[in-house]
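The values are calculated or read from the model by the stated rules, or taken from the named source; none is laboratory data. Worth saying up front: this structure is predicted, and the values here are computed from it rather than measured. As a convention, Cβ positions derive from the backbone with ideal geometry for all residues, glycine included, and neighbour counts pool all protein chains shown. The area values use the complete protein model at the heavy-atom level, side chains included, leaving out ligands, DNA and RNA. Shrake-Rupley method; radii C 1.70, N 1.55, O 1.52, S 1.80 Å.
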Amino acid sequence: MSEESPGELPKPFDLNSKGDIIPEWLLRLKDSTPARVFVGRAGPAYRTTSHLELRADHAAARDAVHADVDITRDFDQAFARQYDLFQVHSRARTKQEYLLRPDLGRSLSEEAKEELRSRREPRTDLQIVIGDGLSATAVIRQVPVLLPLVFNEAKARGLRVGFPFLVRHCRVGVLNDVGEILQPDIVLLLIGERPGLVTAESLSAYLAYQPRTGHTDAQRNLISNIHSRGVLPEDAARRILALATQMRERKLSGVEVKEELPSIPLSKPPLLDSP
Amino acid sequence: MSYHATLRGERFVFGDLKELFGRANEEKSGDQLAGLAARNERERVAAKMALADVTLEEILHDPLIDPDDDEVSRLILDTHDAEAFKEIGHLSLGEFRDFILDEAADEATLHRLHFAITPEMAAAVAKLMSNKDLILAASKIRNVSRCRNTMGLRGTLGVRVQPNHPSDDIEGILLSTLDGLLFGCGDAVIGVNPATESVDTVGAILHVLQRVISDLQIPTQSCVLSHISTQLAAMERGCPVDLLFQSVAGTQRANASFGVNLAQLAEGRERVIEHHRQRGGEWLGDNVMYFETGQGSALSADAHHDVDQLTLEARAYGVARAFDPFLVNTVVGFIGPEYLYDGRQITRAGLEDHFMGKLLGLPMGCDVCYTNHANADQNSNDNLLVLLTAAGCNYFMGIPCADDVMLNFQTTSYHDIMGMRKLFGLSPAPEFARWLEEHGISWNGERSSNPGRRESLLRQLSGLLEGAR
């Protein structure tokens with residue numbers, strides 16, 4: 001290390017004894033990003049720690065994609081009984097078919113349609129559907145916390161909530177089939193997101209007002225990133241019901257419906273003085 | 001007109017050129033999803049055999065997508081170099097493959113033919129090549145582009161620093177940028193995919209990146225990869241735009257699904273060139289566009305006209321080259337397993353895309369990447385990275401440990417670039433390499449030549465970060 005800058009910087013931190021000196025002040029800023037910055041190196045490659053951390057996070061993500069969720073196996077039975085949960089399938093029969101044929105994951109199997117028809121209730125304000133999507137792990141982790149919160153919040157607002165159920169091999173477009181068969185005001189789909197390396201347990205909530213065949217994302221609203229380090233379940237439940245209420249009042253959903261969030265002030269003003 | 005081939009006594013018939021093109025592809029889940037793929041391996045090879053006998057003239061005169069219905073088809077015909085085409089028009093595709101691979105077709109010859117070759121011809125000949133053929137052919141062609149530095153020279157390997165952040169936090173973006181610069185990365189562009197598509201956010205990021213570049217006097221470019229209209233709106237408000245980004249695809253309707261058309265791209269380019277003139281400073285050339293593409297995008301927008309995804313990708317390059325870009329890269333593994341199922345299909349597509357881009361005259365890079373629902377991993381990604389470096393790819397992406405924390409997929413890392421530069425003896429863009437040397441930063445992992453200078457750079461960076469807090 002050069003001697004030409006005594007005392008001006010905090011003590012430097014040598015990550016790998018190869019001259020890649022990263023000062024401590026820089027390392028202290030690492031919390032401002034989830035990115036894996038300043039991890040050092042082994043030659044032009046990762047150090048063993050970084051390499052194995054990446055492998056571990058990818059393994060969790062891969063397993064989340066390929067996992068199946070099963071109500072009797074994966075949920076606490078008191079919870080499953082309380083909500084009388086049951087499960088149906090999309091037209092995709094296997095995980096591989098699900099990954100290769102998005103169209104099949106968007107519609108319910110004939111058996112599923114039969115089952116829903118047989119259980120149909122006369123008038124429902126809010127129909128909750130759970131879908132495995134691309135992360136069964138997200139469903140297993142988040143739904144037991146989120147579902148009761150949504151139920152309670154809906155009841156508090158005087159909404160009639162339909163029987164919740166799980167769709168396996170589910171894509172977002174399944175909203176349309178559910179809307180056609182059960183004809184509730186609002187369909188809420190809680191579905192596992194495509195896992196990243198930062199988390200494999202992130203859930204999305206899609207809402208649609210009277211979804212019907214042919215509707216697209218343009219007629220849907222989304223609250224994403226629901227997990228313990230993202231949007232917390234309590235906040236998600238409040239936002240879901242606020243959106244549902246707004247949709248029922250305005251009798252529509254999608255791009256014209258905006259969430260009314262308290263504005264988030266910029267913690268750091270942007271730099272506006274550059275050339 | 002129908003095409004046919006007989007393979008070991010079995011006769012295969014293909015109804016038209018479109019069907020033949022689809023059946024002749026290597027296996028891709030997207031072509032299967034679209035119902036265009038060969039239904040068995042014998043049919044695939046029979047299609048390649050029939051295709052090998054089709055001449056370039058026939059392809060030119062039988063557009064797969066009607067020019068009356070599609071402005072990309074019209075653009076391809078309008079930009080075709082009929083004069084240079086005289087040299088090759090009579091060749092069958094099989095002969096054309098041999099011609100490209102032959103030593104006689106040197107770099108100057110292939111440069112002369114860029115606009116004689118239509119995207120459909122480039123796609124067709126790629127269908128007849130093995131992975132190694134695609135590497136050998138592409139390695140002959142260097143397409144050089146210039147903005148504030150010079151990209152694509154033989155012996156160089158560039159890298160985009162991609163300092164994305166899930167909530168566009170300025171300090172977080174700066175940290176990822178600095179990590180990259182200290183690995184010798186960032187000569188292609190410092191390019192952020194913003195989490196929010198607002199003019200305010202895009203403007204704020206443009207300003208801070210420009211401040212890094214001007215304060216540290218780095219010979220590179222910045223870019224915020226939002227929709228073209230958002231970047232131009234930010235530019236109108238006085239934000240500095242170095243490179244104008246847009247995703248493009250191979251049909252008019254697919255581009256419409258991205259919210260763009262050819263006239264908008266042309267107008268945007270003119271405005272940014274004018275903006276550069278007004279800003280002053282040193283500009284080495286008028287390559288101001290940055291395009292991203294990827295096989296499967298037209299099909300996912302239901303805008304594919306029953307044409308296979310490889311051919312539509314080549315047509316996206318037909319769009320890109322009309323605007324003389326600084327950077328073009330395929331984001332090959334981003335689209336997901338319904339279009340490219342696994343590491344093998346992603347590898348094939350990456351090599352095809354790079355070859356076709358180079359043959360068509362583009363300064364071609366590649367986002368070597370995969371999502372977590374594709375049957376791929378860091379090992380398959382490493383493989384494609386090495387293959388494309390051998391093929392002479394202009395640039396790759398650099399992200400801290402390859403983990404894009406905003407877009408939730410894996411690409412290549414600063415470490416990866418350092419490894420490829422070391423393995424193949426490659427340098428950054430010359431202007432950028434000089435800057436790194438001046439600041440004592442190594443690009444191939446060898447010990448920093450001047451730690452004192454490196455430290456004074458770090459001190460400057462600390463000032464910048466303080467300013468952002």
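Where the accessible area of the protein assembly as shown is counted over protein heavy atoms with a 1.4 Å probe, how much of it, in %, is carbon and sulfur?
Working: 13630 of 28140 Å².
Of all accessible area on the protein assembly as shown, carbon and sulfur atoms account for 48 percent.
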(message) Per DSSP helix of 4 or more residues, -39500 (n - 2.57); summed, then divided by the residues of chain B. What does that give at 222 nm, rounded to the nearest 500?
(response) -14000 deg cm²/dmol
(request) Sort B:H80, A:H215 from largest to smallest accessible area, using a 1.4 Å probe on the heavy atoms of the protein chains. (result) A:H215, B:H80
(request) Over chain A, consider all pairs of different Cα atoms and compute the Kirkwood hydrodynamic radius from their mean reciprocal separation; express it in Å, one decimal. (result) 21.3 Å
(request) Step through the residues of segment A:81-88 one at a time and calculate ³J(HN,Hα) from phi using the Karplus curve (6.51 cos²θ - 1.76 cosθ + 1.60, θ = phi - 60°), rounding each to whole Hz and writing x for Gly and Pro. (result) 5, 4, 9, 6, 5, 9, 10, 10
(request) Order the peptides B:25-34, A:145-154, B:352-361 from the highest to the lowest mean number of other Cβ atoms within 10 Å of their residues. (result) B:352-361, B:25-34, A:145-154
(message) Using a 10 Å cut-off around each Cβ of peptide B:170-177, what is the average number of partner chain Cβ atoms that fall inside?
(response) 6
(request) Kindly report, to the nearest 10 Å², the accessible surface of B:D106 as traced by a 1.4 Å probe over protein heavy atoms only. (result) 70 Å²
(request) Work from the charge dipole of chain A (Cβ charges, +1 for Lys and Arg, -1 for Asp and Glu, about the Cα centre) and give the residue of A:H66, A:F151, A:L197 farthest towards its positive end. (result) A:F151
(request) Filter the cross-link list A:K113/B:K18; A:K95/A:K155; B:K18/B:K358; A:K95/A:K258; A:K95/A:K251; A:K30/B:K358 down to pairs whose alpha-carbon distance in this structure exceeds 31 Å. (result) A:K113/B:K18; A:K95/A:K155; A:K95/A:K258; A:K95/A:K251; A:K30/B:K358
(request) For chain A, calculate the relative contact order in percent as a whole number, restricting contacts to Cα pairs under 8 Å that are 6 or more residues apart. (result) 17 percent
(request) Would you mind checking which residues have amide H under 5 Å from A:L166's amide H? H placed 1.01 Å from N; only 5 or more apart, or other chain. (result) A:F86, A:Q87, A:V88, A:I130
(request) Let me know the mean shielding of A:193-205 by other chains, meaning the per-residue number of their Cβ atoms within 10 Å of its Cβ. (result) 3
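Chains B and A: how much accessible area gets covered up at their contact, both sides added, probe 1.4 Å, in Å² to the nearest hundred?
By this definition, chains B and A bury close to 5000 Å².
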(message) For A:R157, A:R168, give me the order by solvent-accessible area with a 1.4 Å probe, most accessible first, ignoring ligands, DNA and RNA.
(response) A:R157, A:R168
(message) Between A:S109, A:S118, A:S90, where does the largest GNM mean-square fluctuation fall for chain A, given springs only between Cα atoms within less than 10 Å?
(response) A:S118
(request) Among B:H61, B:F12, B:L128, flag the residue with its Cα farthest along the positive direction of the charge dipole of segment B:3-139, charges on Cβ as +1 for Lys/Arg and -1 for Asp/Glu. (result) B:F12
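Using Cα pairs closer than 8 Å and at least 6 residues apart in sequence, work out the relative contact order for chain B, in percent.
Result for chain B is 19 percent.
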(request) Provide A:D68, A:D177, B:D78 ordered by accessible surface of protein heavy atoms (probe 1.4 Å), highest first. (result) B:D78, A:D68, A:D177
(message) What is the angle, in °, between the Cα long axis of helix A:233-250 and the longest principal axis of the Cα atoms in chain A? Nearest 10 is fine, range 0 to 90.
(response) 50 degrees
(request) Only Lys, Arg, Asp and Glu count, each charged at its Cβ (+1, +1, -1, -1), so figure out the dipole size of the protein assembly as shown about its Cα centre, rounded to 20 debye. (result) 1440 debye
(message) Can you compute 3J(HN,Hα) from phi for each residue in segment B:428-438, using the Karplus curve 6.51 cos²θ - 1.76 cosθ + 1.60 with θ = phi - 60°, rounded to whole Hz and x for Gly and Pro?
(response) x, 3, x, 5, 5, 4, 4, 4, 4, 4, 4
(message) At a threshold of 8 angstrom on Cα-Cα distance, excluding pairs fewer than six apart, so keeping six or more, what relative contact order does segment B:219-329 reach in percent?
(response) 32 percent
(message) To the nearest 20 Debye, how big is the dipole of chain B about its Cα centre, given +1 on the beta carbon of each Lys and Arg and -1 on that of each Asp and Glu?
(response) 1140 debye
(request) Count, for each residue of B:363-372, the Cβ atoms from other chains sitting within 10 Å of its Cβ, then give me the mean as a whole number. (result) 2
